[in-house]
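One structure is given below, encoded as structure tokens.
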Amino acid sequence: MLPQYAGVGETCPQWQVQVSSGGNFITAGTLYFSFQLQNRAGFNKPSVSAAITYTAGQRILMNIPASVQKPGWDIHYYVLSAGSSNDPSTHVQIARVPGFQFGLGIEAQSAKTPLPVTITLSQDAHIALAPTVATLANLPTGSTRLDGCVRWVTSESKWFEYRADSNLSLSPDVVAADIGRWVRVGSPTTYVADTRGPGGSDRPITEVNPLTTIPTPPYPGQATGGKVLPTWEAQYWLYNNDAIALAAGIEFGIELEYNDRKSPDLLNGLFMVKFIGYVQTDGTIRTQDSQGKAFPSVGGYFPWTPRLTTSFITPDTLQPGEAIALAVKPYFSVTELNNQITPGSTIGVLPSIRTQSGDYNPLGKLLPGGAVFDLGDKYRVVPSGGLSFDILSGAALVGGYDFPLKPRRTIGGLAPNTAGQKVVINGNGAVYVDPPSYIPTASEAIRAIVGTVAGESAAGAWSNYQAIASGQGVTLTLNYPCDASGKGTIRANYPDVLAGNTKGNFNPLSVNIYLQRQDTGEIRRFTGFTVVAGPSQQFTIANWSQGAVVTALPTAATDFSLFAPGAAIIAVGAGNFPATSYRITYSFVYDGNQITSISHASPPCIREWEGDFQPPTLAIGTTTTAPAGTQAVVTNSGTSSKAVLNFTIPQGAKGDKGDKGDKGDKGDAGAQGAAGLPGAKGDKGDKGDTGAQGPAGPAGSITSSAGAVILDTANQVNGLNRTNLPALEINAATMPFLPLKSGWTLRGAMKTALGSGVTVTVVVTAEDF
């Protein structure tokens with residue numbers, strides 16, 4: 001691989017030459033013209049015109065057609081030389097046209113000069129072959145000079161070339177002109193016999209003196225609003241000058257240097273890089289692989305981070321004579337350089353294949369078979385379009401080297417209708433497709449086994465029956481395991497770690513539709529329905545007789561077809577079906593130009609490692625109490641290397657009653673409690689001895705509300721005179737609360753209802769005391 005400035009083709013295409021009247025030639029003659037293109041490094045080989053004869057009063061028109069400007073070429077100047085013979089080595093430069101527009105308000109090298117452009121040679125000074133002038137003051141001016149004309153200045157003993165677009169600082173080798181500059185050159189000729197030799201446009205960058213290249217415009221570094229992304233860009237090639245192709249899956253990018261030393265840390269993230277595509281020998285740009293799939297990451301600028309994640313992997317085989325085209329722009333502020341790079345410094349850019357983005361890892365001795373780290377999407381392989389696949393983001397240890405996290409990218413090169421193809425990776429993250437017979441080296445590992453065998457998947461489930469009348473057909477809606485962007489869901493029962501994955505492209509070519517009659521049980525297969533990726537698709541079948549009779553639905557190997565047919569819906573449509581009820585199912589069909597199986601099984605594939613090789617940790621999560629009699633459960637809500645254990649512990653069963661314990665010591669007396677409720681009346685006790693008679697009390701009386709005294713007729717109770725009985729004087733209002741003992745009674749007139757406010761004397765029998 002040859003790193004170089006973007007080229008301009010080996011030979012310049014011919015220009016159009018016309019001789020016409022209206023000129024100011026004084027003499028007549030014959031000249032041969034040669035045409036060249038100049039890039040940053042130098043010139044391509046000239047193409048030579050036929051002999052051009054002119055006479056006095058004529059002019060010569062040199063038309064540069066649009067066909068000279070190729071999209072993959074970085075043309076900085078269209079160079080015109082002339083001589084008296086058809087030997088271009090004897091020709092000298094007489095004019096040139098800048099490849100980029102210049103002038104007030106136009107940023108240098110930002111806008112290409114539109115073609116066609118005409119150079120008019122109308123004066124003898126225009127076709128003078130490197131004449132001599134005495135002093136700098138005698139250099140041509142005004143209309144007598146053309147951009148690119150060359151003169152020998154005798155007083156200076158130097159060749160000077162007129163450059164209308166130059167604004168170089170004045171010096172002994174740079175002379176002022178009214179527009180542009182006269183600049184010293186080493187020779188009046190731009191002839192090269194070999195574009196890889198001295199002065200050639202295809203020299204390796206390492207052989208080009210930075211002082212002789214066409215420089216990029218100054219980078220301001222900072223503006224009022226912050227960093228500046230210039231409109232101009234510097235273009236570079238990685239040219240395949242080998243006799244063999246460079247495989248797809250190789251990482252490429254740029255190396256940066258300052259003061260002739262590689263400075264990945266100092267310049268990390270300060271430059272933007274764009275992948276343009278593969279430039280062909282004719283100057284056109286290829287941006288699709290051999291299957292017609294667009295290259296990923298084309299046309300967008302990405303910040304360059306040396307030795308870290310990169311978006312640039314060869315998306316297809318780079319054939320001999322092709323070149324990887326890149327564009328580079330600075331994008332940083334002065335403060336980001338931390339004053340380590342002075343204004344006006346030259347920073348070297350070298351496009352390169354990244355042969356060593358992986359680093360040695362001593363874990364390789366413990367894992368000789370390598371391992372895919374638990375990062376990103378684990379570098380898994382999923383289907384892309386046609387005979388290509390996407391390798392998802394991830395990092396791995398292979399052959400003792402591990403590479404940093406790589407982004408997702410598309411890899412082509414699978415063979416059609418072939419089983420057992422090997423997707424091989426190495427310690428730099430490169431990805432290759434190899435045939436089934438390939439045996440990886442010690443520095444490689446198989447990431448996946450991929451098949452593209454043609455065939456038909458198993459059919460899905462039958463739909464419900466739909467009644468179809470005579471003269472009707474069917475309209476069918478097929479639901480696919482696919483979203484609107486074309487990403488499919490790999491079936492849940494697929495025998496690989498990809499089961500349920502949603503990051504690959506939905507890739508069946510077509511479907512076969514199966515219809516079954518309810519009255520006879522007959523099944524017919526209908527073919528030729530091309531799949532359009534999306535959540536669902538509708539088809540109409542009008543003619544029952546177009547289907548082929550089959551005895552059973554299709555089946556397939558467990559790993560054939562990453563996708564399973566979804567639900568199918570049948571409805572009435574136009575047609576000529578026999579009258580009965582029908583149901584539908586369908587299958588996916590592949591013609592050998594799609595991926596139909598993928599396996600990451602280890603072995604033979606590299607193992608996937610769970611965890612990050614850090615010392616394992618253990619933490620306690622939640623603890624939950626479960627009902628008695630259930631099982632204890634411990635779950636890990638973390639990872640295998642960073643465990644978080646959650647416990648579910650059941651309650652214990654109720655135990656047997658224990659033996660009676662020893663009597664404890666008497667406790668201290670407690671505080672007196674509140675009075676309890678009255679207890680039940682006890683049994684009547686034995687009659688006590690009769691006490692001595694007490695002194696006679698005052699005579700009692702019972703007074704009614706009318707004032708009459710109520711006495712019993714005997715004026716005595718059980719032989720006791722009322723005068724020797726105790727008397728109790730109460731107020732009638734308190735009678736309901738009189739605390740009589742059980743068995744006490746009111747005798748005689750005491751049973752008479754008393755009115756309010758009556759004072760009474762209660763006479764009771766002696767035994768009531």
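The values are calculated or read from the model by the stated rules, or taken from the named source; none is laboratory data. Bear in mind that the values here come from a model prediction, so they are computed numbers and not experimental data. With ideal geometry, Cβ positions are generated from the backbone for all residues, glycine too; neighbour counts draw on all protein chains shown. Note: accessible area is taken over every heavy atom of the protein model, side chains too, but ligands, DNA and RNA are not part of it. Shrake-Rupley method; radii C 1.70, N 1.55, O 1.52, S 1.80 Å.
Structure summary
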{"quantity": "From the options GLY83, GLY99, residue that is open to solvent by less than 30 Å² (accessible area, probe 1.4 Å), in contact with a helix residue (DSSP H, G or I) (Cβ under 6 Å, 6 or more places away or on another chain) and either more than 16 Å from ARG181 (Cα to Cα) or without any contact (Cβ under 8 Å) to a residue 60 or more places away in the chain (or both)", "calculated": "GLY83"}
{"quantity": "Selection within region 163-218 - over 46 Å from the mean Cα position of the chain (by Cα) and among the hydroxyl-bearing types (Ser, Thr, Tyr)", "calculated": "SER169, SER171, SER187, THR189, THR190, TYR191"}
{"quantity": "Qualifying residue in region 554-574 (condition: out of contact with any Pro (no Cβ under 8 Å at 6 or more places or on another chain), polar (S, T, N, Q) and either over 30 Å from GLY386 (Cα atoms) or open to solvent by less than 60 Å² (accessible area, probe 1.4 Å) (or both))", "calculated": "no"}
{"quantity": "Per-region count, region 507-525, residues closer than 21 Å to TYR480 by Cα, open to solvent by 20 Å² or more (accessible area, probe 1.4 Å) and in a loop (DSSP other than H, G, I, E, B)", "calculated": "1"}
{"quantity": "One residue from SER110, SER67, SER89 being surrounded by fewer than 18 Cβ atoms within 10 Å (Cβ to Cβ), in contact (Cβ under 8 Å) with a residue 60 or more places away in the chain and in a helix (DSSP H, G or I)", "calculated": "SER89"}
{"quantity": "In region 434-455, the residues that are more than 24 Å from the chain's Cα centre (by Cα) and touching a residue at least 60 places away in the same chain (Cβ under 8 Å)", "calculated": "ALA445, ILE446, ILE449, GLY451, THR452, VAL453, ALA454, GLY455"}
{"quantity": "Criterion violated by ALA571 - all others in (1) small (Gly, Ala, Ser); (2) closer than 24 Å to ASN464 by Cβ; (3) at pLDDT below 95 satisfied", "calculated": "(3)"}
{"quantity": "Test: residue in region 468-480 that is modelled with pLDDT under 95 and within 23 Å of the chain's Cα centre (by Cα)", "calculated": "no"}
{"quantity": "Test for SER155: is it modelled with pLDDT of 95 or more and part of a loop (DSSP other than H, G, I, E, B)", "calculated": "yes"}
{"quantity": "Residues being outside any strand (DSSP E or B) and either touching a strand residue (DSSP E or B) at 6+ places or on another chain (Cβ under 6 Å) or at pLDDT 85 or above (or both) - total across region 283-294", "calculated": "3"}
{"quantity": "Of residues in region 450-476 being open to solvent by less than 30 Å² (accessible area, probe 1.4 Å) and outside any loop (DSSP other than H, G, I, E, B), the one farthest from ILE598 (Cα to Cα)", "calculated": "ILE468"}
{"quantity": "Residue match in region 393-402 (condition: farther than 24 Å from PRO362 by Cα and of a type in the set (A, V, I, L, M))", "calculated": "no"}
{"quantity": "Residue match in region 258-266 (condition: crowded, with 20+ Cβ neighbours inside 10 Å and at pLDDT below 85)", "calculated": "no"}
{"quantity": "Positions within region 113-140 being open to solvent by 30 Å² or more (accessible area, probe 1.4 Å), within 20 Å of GLY186 (Cα to Cα) and either in contact with a Pro (Cβ under 9 Å, 6 or more places away or on another chain) or in a loop (DSSP other than H, G, I, E, B) (or both), in sequence order", "calculated": "LEU129, PRO131, ALA134, THR135"}
{"quantity": "Any hit, region 408-418, residues being open to solvent by 10 Å² or more (accessible area, probe 1.4 Å), aliphatic (A, V, I, L, M) and over 20 Å from LEU246 (Cα atoms)", "calculated": "no"}
{"quantity": "Residue in region 35-55 that is on the phi > 0 side of the Ramachandran plot and open to solvent by 20 Å² or more (accessible area, probe 1.4 Å) present", "calculated": "no"}
{"quantity": "Condition check for GLY528: part of a loop (DSSP other than H, G, I, E, B), at positive phi and surrounded by fewer than 19 Cβ atoms within 10 Å (Cβ to Cβ)", "calculated": "no"}
{"quantity": "Some residue of region 71-78 being within 55 Å of the chain's Cα centre (by Cα), open to solvent by 20 Å² or more (accessible area, probe 1.4 Å) and at negative phi", "calculated": "yes"}
